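The values are calculated or read from the model by the stated rules, or taken from the named source; none is laboratory data. Everything quoted here is computed from the prediction, not taken from an experiment. As a convention, Cβ positions derive from the backbone with ideal geometry for all residues, glycine included, and neighbour counts pool all protein chains shown.
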Amino acid sequence: MTLKEFKLPDVGEGLTEAEIVGWRVKPGDTVRVNDIVVEIETAKSLVELPCPYAGTVADLLVAEGETVLVGTPIIAVAPEGADVPSPQPAAEAGVDEAAAALAAQPSAPDDVAGDGVVEAGLIGGAAPGGRTSVLVGYGPRTTEAKRRPRKGAAAPDGEPLTPSPEGPAGRVLAKPPVRKLAKDLGVNLLAVTPSGLGGVITRSDVEALAGAPSPRAGTPPGTSAAPVRPGGETRIPVKGVRKMTAEAMVRSAFTAPHVTEWLTLDVTRMVELVERLKADREFADVRVSPLLVVAKAVCLAVRRTPELNATWDESAQEIVLKHGVNLGIAAATPRGLVVPNIVGADAMGLHDLAAALGELVGIARDGRTQPAQMAGGTFTITNVGVFGVDAGTPILNPGETGILALGSVSRRPWVVDGPDGEQVVPRWVTTLALSFDHRVVDGAQGSRFLADVGRLLSDPATAMLY
Amino acid sequence: MSTITLAKALNDGLRASMEGDAKVVVMGEDVGKLGGVFRVTDGLQKDFGEDRVIDTPLSESGIIGTAVGLAMRGYRPVCEIQFDGFVYPAYDQIVSQVAKLHFRSGGRLPMPIVIRIPFGGGIGAVEHHSESPEAQFAHTAGLKVVACSNAADAYWMIQQAIACDDPVVFLEPKRRYWEKANLDREAAPAPLLSSKVVRDGTDVTVLAYGPMVKTCLESAIAAAEGGTSIEVIDLRTLSPLDLEPVYASVRRTGRVVVVHEAVVNLGIGAEVAARITEQCFYALESPVLRVGGFDTPYPPSRIEEEYLPDLDRVLDAVDRSLAY
Amino acid sequence: MPEEPEFVQLLTPEGERVEHPSFAFDGDDEMIASMYRDLVLTRRIDTEATALQRQGELGIWASLLGQEAAQIGSARALRPQDFAFPTYREHGVAWCKGIDPVALLSLFRGVDQGSWNPLETNFGLYTIVIGAQTLHATGYAMGVQRDGAVGTGDDDRDTAVVAYFGDGATSQGDVNEAFIWASVFNAPVVFFCQNNQWAISEPIDRQTRIPLYQRASGFGFPGLRVDGNDVLACHAVTKAATQRAREGSGPTLIEAFTYRMGAHTTSDDPTRYRLSGDLEHWKLKDPLARVHAYLTRHAGLAEDFFADIEAESDVLAHRIREGCVAMADPHVLGIFDKVYAEQTEELAAQQAGYAAYLDTFETQTGAHA
């Protein structure tokens, strides 16, 4: 016949041990279930423990006055009759866990009034199984920051670990960030070969097709590369900004007689000026670039040839010379070409002009340019140089009489007259292309304007003459 | 700096509010002599008297309805509903009266009432003591709804809620009443209606409030062992939601899981998911996932641990999010 | 509150029979002995369950210590077809209605939320939301009326409904609304209020300024107060009230004046809010002791009668303990089955999904520890 051992149950209060104060029974005594067999001492009070077994006390395993750990057998009971199995109280079963839980912190039960520790079994005191006692249930228990082990390569929640995307036939599968990237890069998703699982287009798929990283602002739009597949075609619906741009181009091109003049210059001094300004503390908070200097040059040159800053009023049959320069900068945005303008650019100092330029470019790059910012322009600059292109034949922004294309600024051989005669040396060289409305601007005016801008770039000191 | 349980922090916060404003009145069942069934109001009646700490008749509708009248008379009632499952007799007074009076009186009748409700499961309780009704209140215009998750927040939030001129449903995670935290009483607290990043991370944003914050923090610890970095945000305020920090986080991580004990269907997570999708669409690498209760009433206590979201369920959702 | 309140009493605390002008106990000594057995066994169920809770086998137990006579007395007056709506403390009524005491424990153990069939046992599920069952009882009684089971004169057909609730419940709107409905519709329902003087920590004077039984007159039906520790008186008044209901005379409010000798639930600490002197005062009015005294002195029952009952209660206690500990935890997947009359597709999907999820773990935990 096996003896039943009663182990010291969880007594809570953050303690893991208790002292045996007094036995109420001795070996040979008969005990019934729930008879009080021992008194133990915790930090604050004496607690009587009821016996979970019925039978005869076989042995007292711990002497009075001794302190033992929770979980230590303290009394052995010979159960009455072989067929009366006595159950283990849950307190015993939970004891080891309880000890571990108490050591784990921070849920050691405590007297919320702050007076001290709470007796086991009362609100906030210990409850069996390592829990804290509440009025209405077993009480909360502590948890561990550990995952339960799973079988093999588990399918969570019955779904495949890599979800297989579904989409209606003919639609591309791409996550929102990838779609945005494609838009920004001007990549048509229909043209991309997906490499992701389930036919999903990945980020790198898009970047591979676009070739270069995202272009900087000021780049003309329309770079949606729809590569020609041998023997096939790609159709892109005309809508949104593309549609508006097309209409404006038509309106402009087929209303105003366009003439384009060219000027190739040594702009080494301009480049030096840009470098100097970049290093200047006053310009530390703005972006200085050749575009900035061109913008300033345009504003100055307009003073001598205001016809480039005008409009042809067909209905009134008048040429309207605008007094201020609302300088438009052609910008490529996620949605297409926009031409926001800097109002009163001519009245701004170089620093303010740089700030305005930077802001305009930033807003355009985010696709946030508002329609109001695109209205009322008087002259436009388009920077084709960032693509490495020499020059172009820009089309006037409808209603304007002049548009200047700035080509790339690159090192080219130049004839320089020096003390030792003429020499061919590498210089910073660029090409400007000015298109103008020949109804308003004649060749002399156009040429003079272009020459003025050119001189300001090749010799910035001539700004002093204005 | 002291280490204090959540219940004691609430007790201290209530005490501070009562000391600071003689119009603050605490009322509820067993809050006075007994000090509350979780001892949150322990000692208050002894120090502030029976007129300011009221043991009420057993009548939830009465507690809230009379609070309306007290508020009109210039008092600031702090009502206790003893358990979440017992708020329903008072539901009419809350949604028909407390929530609407400021509006319908054209602002003449402010309702600076705090309704404290111990909520959530995990205490092995019998029926009606483990509910999560927060979405119902958040869905009601005119109420503010907040949930503290730890002792430090509890101390400040209860005081801020009492000082707020709008009615506040103040949810207390009852399974966390005995959790301790460090409390710095000199620190300047965060605004009441603000969410908070409680653990920085880079791979997935996990949102929680009330009792699930600790579960999510433990989940983050376990996940870190597996090489996944989880950012945990404690929403703290459910109405109004403070989601700007959440959006900023999601724009960095691209992935988000919302966790609450309440039923997933039409829970707080649903609203949060909709807003994140609107505001952070281009940043989302995976859909917003939610972890929460099933569409059944709360189960018997012997199986509640398998019903409630736990660390494994949270991390399972994190895994699924990362798999996209 | 008067020191010695006015109420119907037929058996004094000392065990002496007394008469009352309006009520009499119509049973014999054999019946009293039988009721004594019920009292002892009910108390033993309660004691054992309290011990089981302390040992962590139950999450909670709502003790009826001190209220045995109110429950046994009233329940023994019910006919089999009468339906009783309990709160969560009516273990004595459950006993009389034939509910296996082990079946009572499953709710408190957290294994289910009510394991007996109310329609078979005519005993409602335990209701923890305070007072809600009084409206249910009134509605049930209205159904009884529509079934024509009132006032036929057939003792086996005419049906009364009893709603049990406590003193705290009388402050809830639901209870007062039930009074209104029962009176307006003349419903065959007996409102049996066990005024045990306490609602957790709040004393009766927090719920009422007048004796509770007097409320009834305000609602338009009779009320009376009975000594809740007197099993004979409780039986007599309940028999009379249920007879009234059966005949079609409508509701009655019975206030059984008793005392909650134990705590609200096992982790409540009554020393925080009441005096030990009160407890001592009420110990002198113990419901079991007075019947024991009567049976010894006047019914000629000897020690062996009482010893037999003690032995029987030991056996019962043992069976309860065994039954409690052996109770299997439910499987969590079962919660998806009975939400609706027919499981919805959505719930079936949730169940299947969760089953698949649980299957991914190496070991299945019975997560309760």
- Task: Determine whether segment B:235-250 contains at least one residue that is within 12 Å of chain A (Cβ to nearest Cβ) and modelled with pLDDT of 95 or more.
- Result: yes
- Message: Is it the case, given these coordinates, that C:Gln197 is within 14 Å of chain B (Cβ to nearest Cβ), surrounded by fewer than 24 Cβ atoms within 10 Å (Cβ to Cβ) and touching a Ser or Thr at 6+ places or on another chain (Cβ under 7 Å)?
- Response: no
- Reported set for segment B:1-39 where residues are closer than 17 Å to A:Leu135 by Cβ and either more than 23 Å from the chain's Cα centre (by Cα) or within 14 Å of chain C (Cβ to nearest Cβ) (or both) is B:Gly28, B:Glu29, B:Asp30, B:Val31, B:Gly32, B:Lys33, B:Leu34, B:Gly35, B:Gly36, B:Val37, B:Phe38, B:Arg39
- Note on the structure: Residue hits (segment B:278-290; in contact with a Pro (Cβ under 8 Å, 6 or more places away or on another chain) and not in a helix (DSSP H, G or I)) are B:Leu284, B:Glu285
- Query: Which of the residues spanning segment A:342-368 are surrounded by fewer than 16 Cβ atoms within 10 Å (Cβ to Cβ) and under 20 Å from the mean Cα position of the chain (by Cα)?
  - Reply: A:Gly362, A:Asp366, A:Gly367, A:Arg368
- Message: Being more than 27 Å from A:Gly130 (Cα to Cα), free of Cβ contacts under 8 Å to residues at least 60 places away in the same chain and either surrounded by 14 or more Cβ atoms within 10 Å (Cβ to Cβ) or not assigned by TED's automatic domain parsing to the domain that holds C:Ser313 (or both) is true for just one of C:Val8, C:Val40, C:Val18. Which residue is that?
- Response: C:Val18
- Task: From A:Arg448, A:Arg427, grab the single residue that is touching a residue at least 12 places away in the same chain (Cβ under 8 Å) and out of contact with any Asp or Glu (no Cβ under 6 Å at 6 or more places or on another chain).
- Result: A:Arg448
- Could you tell me whether any residue of segment A:328-337 is out of contact with any Pro (no Cβ under 9 Å at 6 or more places or on another chain) and either closer than 22 Å to A:Leu450 by Cβ or hydrophobic (A, V, I, L, M, F, W, C) (or both)? no
- Any residue in segment B:198-221 that is over 17 Å from the mean Cα position of the chain (by Cα), surrounded by 24 or more Cβ atoms within 10 Å (Cβ to Cβ), within 14 Å of another protein chain (Cβ to nearest Cβ) and assigned to a helix (DSSP H, G or I)? yes
- Would you point out which residue out of A:Gly81, A:Gly55 is at pLDDT 70 or above and either surrounded by fewer than 16 Cβ atoms within 10 Å (Cβ to Cβ) or over 52 Å from the mean Cα position of the chain (by Cα) (or both)? A:Gly55
- Query: Which residue out of B:Asp319, B:Asp295, B:Asp310 is surrounded by fewer than 21 Cβ atoms within 10 Å (Cβ to Cβ), within 30 Å of C:Gly59 (Cα to Cα) and touching a helix residue (DSSP H, G or I) at 6+ places or on another chain (Cβ under 8 Å)?
  - Reply: B:Asp295
- Query: Hey, among the residues in segment B:271-282 that are in contact (Cβ under 8 Å) with a residue 24 or more places away in the chain and surrounded by fewer than 20 Cβ atoms within 10 Å (Cβ to Cβ), which one's farthest from B:Ala138 (Cα to Cα)?
  - Reply: B:Gln279
- Evaluate segment C:302-322: report whether one residue or more is in contact with a Phe, Trp or Tyr (Cβ under 8 Å, 6 or more places away or on another chain), free of Cβ contacts under 8 Å to residues at least 12 places away in the same chain and surrounded by 12 or more Cβ atoms within 10 Å (Cβ to Cβ). no
- Query: So is A:Asp437 acidic (Asp, Glu), touching an Asp or Glu at 6+ places or on another chain (Cβ under 9 Å) and surrounded by fewer than 14 Cβ atoms within 10 Å (Cβ to Cβ) or not?
  - Reply: no
- Note on the structure: Heads up, the helices (runs of 4 or more DSSP H) in segment C:81-188 (entirely inside) with at least 1 residues that are closer than 23 Å to C:Glu48 by Cβ and among the polar types (S, T, N, Q) are C:101-109, C:118-121
- Within the bounds of segment C:172-180, is there any residue that is more than 14 Å from chain B (Cβ to nearest Cβ) and either modelled with pLDDT of 95 or more or farther than 22 Å from B:Glu127 by Cβ (or both)? yes
- Query: Which numbered condition trips up C:Leu275, out of (1) in contact with a Phe, Trp or Tyr (Cβ under 6 Å, 6 or more places away or on another chain); (2) within 30 Å of B:Leu34 (Cα to Cα)?
  - Reply: (1)
- The number of residues in segment C:214-240 that are in contact (Cβ under 8 Å) with a residue 60 or more places away in the chain and assigned to a helix (DSSP H, G or I) is 10
- Odd one out for B:Thr253, checked against (1) under 19 Å from the mean Cα position of the chain (by Cα); (2) surrounded by fewer than 24 Cβ atoms within 10 Å (Cβ to Cβ); (3) within 14 Å of chain A (Cβ to nearest Cβ): (1)
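Quick grid of which residues meet (1) at the interface with another protein chain (Cβ under 7 Å from one of its Cβ atoms); (2) part of a loop (DSSP other than H, G, I, E, B); (3) of a type in the set (A, V, I, L, M); (4) farther than 15 Å from A:Lys175 by Cβ:
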position: B:Ala270; (1), (2), (3), (4): no, no, yes, yes
position: B:Ala273; (1), (2), (3), (4): no, no, yes, yes
position: B:Ile276; (1), (2), (3), (4): no, no, yes, no
position: B:Gly292; (1), (2), (3), (4): no, no, no, yes
position: B:Tyr298; (1), (2), (3), (4): no, yes, no, yes
position: B:Glu304; (1), (2), (3), (4): no, no, no, yes
position: B:Pro309; (1), (2), (3), (4): no, yes, no, yes
position: B:Arg313; (1), (2), (3), (4): no, no, no, yes
position: B:Val318; (1), (2), (3), (4): no, no, yes, yes
- Message: Condition first: touching a Phe, Trp or Tyr at 6+ places or on another chain (Cβ under 6 Å) and outside any strand (DSSP E or B). Can you find one or more residues in segment B:231-254 that meet it?
- Response: yes
- Considering only residues that are surrounded by 11 or more Cβ atoms within 10 Å (Cβ to Cβ) and of a type outside the set (D, E, K, R), look in segment A:239-252 and name the one that is modelled with the lowest pLDDT. A:Val241
- Query: Which condition breaks for B:Arg236 when tested against (1) closer than 30 Å to B:Ala161 by Cα; (2) surrounded by fewer than 24 Cβ atoms within 10 Å (Cβ to Cβ); (3) touching a strand residue (DSSP E or B) at 6+ places or on another chain (Cβ under 8 Å)?
  - Reply: (2)
